[in-house]
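S.K.: Structure incoming, see below.
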Amino acid sequence: MREYIRLGGTLCIIAAVATLLLAVAEHVTSERIAAIALAAEIKAMQDVLLGVDGVDEDTATVMPQEDDSIVSSITRFESNEGYVYAVNVNPVGYGGPIEIMVGVNSNLEVIGVSVIDSSGETPGLGSRVAEAEYTDKFIGKKKGVAVVKRDAGENQVVALTGATISSKAVGKGIKKAIEAAEEAMTIEKN
Amino acid sequence: MKKIDILRSGLFKENPTFVQLLGMCPTLATTSSVKNGLGMGLSVTAVLMCANLAISAIRKLVPDKIRIAAYVIVIAGFVTIVDLLLKAFLPELSKSLGIFIPLIVVNCVIFARAESFASKNKVTDSIVDGLAMGLGVTGALVIIASFREIIGNGTWFGLSLFGSSYQPAIMAVLPPGGFIIFGLILGGINLIRLRGKADV
């Protein structure tokens with residue numbers, strides 16, 4: 001019996017010391033980690049709204065949204081061209097969620113796409129969805145945009161060779177972003 | 001034990017990656033670029049040194065029956081600290097290494113050193129052993145990653161080597177290419193070791 005108490009007690013002490021050290025590390029790093037995530041999001045918003053004339057950053061308003069596993073936030077800005085929306089979406093790609101910021105104007109057209117995190121995708125293949133060469137193809141696309149393997153129609157984009165799953169995930173995210181912006185507009189009108 | 005012998009054994013004679021073949025999963029997964037390989041190697045080195053230090057320091061206080069459980073707590077604690085520090089200060093690297101940093105907890109290189117060295121030796125020797133084994137892993141990862149990145153992407157540490165006309169063999173950065181290149185490197189090393197028989 002005494003043996004068990006000694007073993008358990010020793011483990012308890014080790015665990016307590018480890019917990020203490022972890023608490024200190026968490027305390028030191030938590031603010032920085034939160035700041036880095038926020039900075040990445042703000043940078044992406046600026047990127048996707050770059051082409052819009054006179055975006056007023058002080059008018060950022062977080063819009064209401066329906067529960068959705070893909071859309072994580074919708075932010076509205078006022079500009080000289082009317083309302084514009086920055087929608088953060090997380091569609092599931094080949095190796096986990098891909099985080100994308102999508103800029104949508106009030107005509108529900110895509111005005112900018114910035115891939116924030118595609119680290120789960122295969123390097124050299126799926127990871128290329130983050131490059132402007134691919135994301136720029138979505139600019140000007142409208143509701144119902146789709147990614148196809150070949151012969152893209154008017155509202156379609158051709159997937160990257162060897163990266164169909166990643167390409168389609170990005171397309172799905174952008175499609176959802178447009179729908180989310182539309183939803184936010186209608187909720188507000190009512 | 002002489003410090004220099006500990007260093008040599010970690011770097012060459014008992015190199016964890018090339019000789020002991022420990023921790024193969026993260027080895028193959030993080031060597032798709034030199035930057036990732038180096039980051040992973042240095043993270044492993046940091047954890048190894050801290051874990052060896054702590055385990056060696058408490059080796060006489062921890063009863064034999066619960067030593068594995070105690071090691072797990074110590075190692076997991078240090079890995080989590082490294083993970084948090086990377087997230088806060090090197091966010092790019094943390095993103096590209098992803099799940100493989102938390103997985104250092106179950107990396108058998110670290111367990112092997114805790115069990116076979118740190119639990120039996122003085123604190124200073126254990127730290128040197130952690131450094132040696134860690135640098136052994138780092139060197140090995142950088143070598144494998146160099147081959148894979150140059151062949152598979154035409155770059156080294158992100159620097160373009162051959163200009164835009166080079167068509168990279170993407171397979172080298174994918175898992176199958178990783179196995180093949182790792183196998184070829186191991187073969188090459190064994191060939192050299194057998195030729196210089198005295199060192200085997």
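S.K.: Can you give me the number of residues within region A:36-74 that are free of Cβ contacts under 8 Å to residues at least 40 places away in the same chain and over 16 Å from the mean Cα position of the chain (by Cα)?
M.R.: Of the residues in that region, 9 qualify.
S.K.: Could you tell me which of the residues B:L93, B:L84 is part of a helix (DSSP H, G or I), hydrophobic (A, V, I, L, M, F, W, C), in contact with a Gly (Cβ under 8 Å, 6 or more places away or on another chain) and within 14 Å of chain A (Cβ to nearest Cβ)?
M.R.: Answer to the selection: B:L93.
S.K.: Out of all the residues in region A:83-95, is one or more on the phi < 0 side of the Ramachandran plot, touching a Lys or Arg at 6+ places or on another chain (Cβ under 9 Å) and small (G, A, S)?
M.R.: Yes, some residue in region A:83-95 is on the phi < 0 side of the Ramachandran plot, touching a Lys or Arg at 6+ places or on another chain (Cβ under 9 Å) and small (G, A, S).
S.K.: Report yes if some residue within region B:147-156 is touching a residue at least 60 places away in the same chain (Cβ under 8 Å), open to solvent by 70 Å² or more (accessible area, probe 1.4 Å) and in a helix (DSSP H, G or I); otherwise report no.
M.R.: yes
S.K.: Moving to a separate point now. Can A:L22 be described as open to solvent by less than 30 Å² (accessible area, probe 1.4 Å), within 12 Å of chain B (Cβ to nearest Cβ), more than 23 Å from the chain's Cα centre (by Cα) and not charged (D, E, K, R)?
M.R.: no
To keep it simple, each residue is scored yes or no on (1) out of contact with any Ser or Thr (no Cβ under 9 Å at 6 or more places or on another chain); (2) open to solvent by 10 Å² or more (accessible area, probe 1.4 Å); (3) without any contact (Cβ under 8 Å) to a residue 60 or more places away in the chain.
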site: A:M101; (1), (2), (3): no, no, no
site: A:L108; (1), (2), (3): yes, yes, no
site: A:S118; (1), (2), (3): no, yes, yes
site: A:L125; (1), (2), (3): no, yes, yes
site: A:V129; (1), (2), (3): no, no, yes
site: A:K141; (1), (2), (3): yes, yes, yes
site: A:G153; (1), (2), (3): yes, yes, yes
site: A:A159; (1), (2), (3): no, yes, yes
site: A:E179; (1), (2), (3): yes, yes, yes
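S.K.: Take the residues in region B:62-81 that are more than 7 Å from chain A (Cβ to nearest Cβ) and over 16 Å from B:P102 (Cα atoms), then tell me which one is surrounded by the most Cβ atoms within 10 Å (Cβ to Cβ).
M.R.: B:R67
S.K.: Which one of the conditions (1) surrounded by fewer than 20 Cβ atoms within 10 Å (Cβ to Cβ); (2) among the β-branched types (V, I, T); (3) more than 9 Å from chain A (Cβ to nearest Cβ) does B:I101 fail to meet, given that it meets all the rest?
M.R.: Unmet for B:I101, out of (1) surrounded by fewer than 20 Cβ atoms within 10 Å (Cβ to Cβ); (2) among the β-branched types (V, I, T); (3) more than 9 Å from chain A (Cβ to nearest Cβ): (1).
S.K.: Go through (1) open to solvent by 40 Å² or more (accessible area, probe 1.4 Å); (2) touching a residue at least 40 places away in the same chain (Cβ under 8 Å); (3) closer than 23 Å to A:G8 by Cα; (4) among the hydrophobic types (A, V, I, L, M, F, W, C) and name the single condition B:I127 misses.
M.R.: (3)
S.K.: Only one of these conditions is not met by A:L49: (1) open to solvent by 20 Å² or more (accessible area, probe 1.4 Å); (2) more than 14 Å from chain B (Cβ to nearest Cβ); (3) not charged (D, E, K, R). Which number is it?
M.R.: Going through the list (1) open to solvent by 20 Å² or more (accessible area, probe 1.4 Å); (2) more than 14 Å from chain B (Cβ to nearest Cβ); (3) not charged (D, E, K, R), A:L49 breaks only (1).
S.K.: Within region A:98-178, considering only strands (runs of 3 or more DSSP E) that don't extend past its boundaries, which have at least 3 residues that are within 23 Å of A:V55 (Cα to Cα) and away from every other protein chain (no Cβ under 14 Å)?
M.R.: Because the criterion is at least 3 residues that are within 23 Å of A:V55 (Cα to Cα) and away from every other protein chain (no Cβ under 14 Å), the strands (runs of 3 or more DSSP E) in region A:98-178 that meet it are A:99-105, A:110-117.
S.K.: Going residue by residue through region A:34-41, is there one that turns out to be more than 10 Å from chain B (Cβ to nearest Cβ) and open to solvent by less than 70 Å² (accessible area, probe 1.4 Å)?
M.R.: Yes, the conditions are met somewhere in region A:34-41.
S.K.: Could you tell me whether region B:104-124 includes any residue that is within 11 Å of chain A (Cβ to nearest Cβ), part of a helix (DSSP H, G or I), under 23 Å from B:F179 (Cα atoms) and free of Cβ contacts under 8 Å to residues at least 24 places away in the same chain?
M.R.: No, there is no match, as no residue in region B:104-124 is within 11 Å of chain A (Cβ to nearest Cβ), part of a helix (DSSP H, G or I), under 23 Å from B:F179 (Cα atoms) and free of Cβ contacts under 8 Å to residues at least 24 places away in the same chain.
S.K.: Among the residues of region B:2-27, which ones are outside any helix (DSSP H, G or I) and either at pLDDT 90 or above or crowded, with 19+ Cβ neighbours inside 10 Å (or both)?
M.R.: B:E14, B:N15, B:P16, B:T17, B:F18, B:V19, B:Q20, B:L21, B:L22, B:G23
The values are calculated or read from the model by the stated rules, or taken from the named source; none is laboratory data. Just so it is clear, the model here is predicted, and its values are computed rather than measured. All Cβ positions, even for glycine, are placed from backbone atoms using ideal geometry, and neighbour counts span all protein chains on display. Ligands, DNA and RNA are excluded from the accessible area calculation, which covers all protein heavy atoms including side chains. Shrake-Rupley method; radii C 1.70, N 1.55, O 1.52, S 1.80 Å.
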